[in-house]
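Q: This is the structure I want to talk about, given as structure tokens.
The values are calculated or read from the model by the stated rules, or taken from the named source; none is laboratory data. Please read these numbers as outputs of a predicted model, since none were measured by experiment. Ideal geometry is used to build each Cβ from the backbone, glycine not excepted, and the neighbour counts take in all protein chains shown.
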């Protein structure tokens, strides 16, 4: 577990983190079916290309999630970083 530099996160902070993770998981898992239908019907993509696009998104998540988590653990301005991600 990462060091919190002698600070214990508040219950509110932990609940906010849990909620963010829950919503992001829902977005990642819930958008693929709609995206694949959109790509097939509106943009006339072939099923193989849709599979490659969705797989590339998953692979990119695997590669960038760990470095992004390490960055978040190292900085003290987490709220500012999250505000930048949301905008």
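Q: Filter the range 10-54 for residues that are in contact with a helix residue (DSSP H, G or I) (Cβ under 6 Å, 6 or more places away or on another chain), modelled with pLDDT of 85 or more and in a helix (DSSP H, G or I) and give the result.
A: 36, 39, 50, 54
Q: Could I ask something else about it? Please tell me if residue 58 is assigned to a helix (DSSP H, G or I) and out of contact with any helix residue (DSSP H, G or I) (no Cβ under 9 Å at 6 or more places or on another chain).
A: The answer is no for residue 58.
Q: If you don't mind, there's one more thing I want to ask. Name the one entry in 16, 32 that is surrounded by 10 or more Cβ atoms within 10 Å (Cβ to Cβ) and farther than 20 Å from residue 78 by Cβ.
A: 32
Q: May I ask you to list pairs of residues, at least six apart or on different chains, whose Cβ atoms are under 8 Å apart, with the first in the range 41-64 being in contact (Cβ under 8 Å) with a residue 24 or more places away in the chain and the second being surrounded by 10 or more Cβ atoms within 10 Å (Cβ to Cβ) and part of a helix (DSSP H, G or I)?
A: Every condition considered, the pairs that remain are 61/28.
Q: Taking interchain pairs and intrachain pairs at least six residues apart, which have beta carbon atoms under 9 angstrom, with the first residue in the range 12-26 and within 22 Å of residue 58 (Cα to Cα) and the second in a helix (DSSP H, G or I)?
A: Partner pairs satisfying both residue conditions: 20/82.
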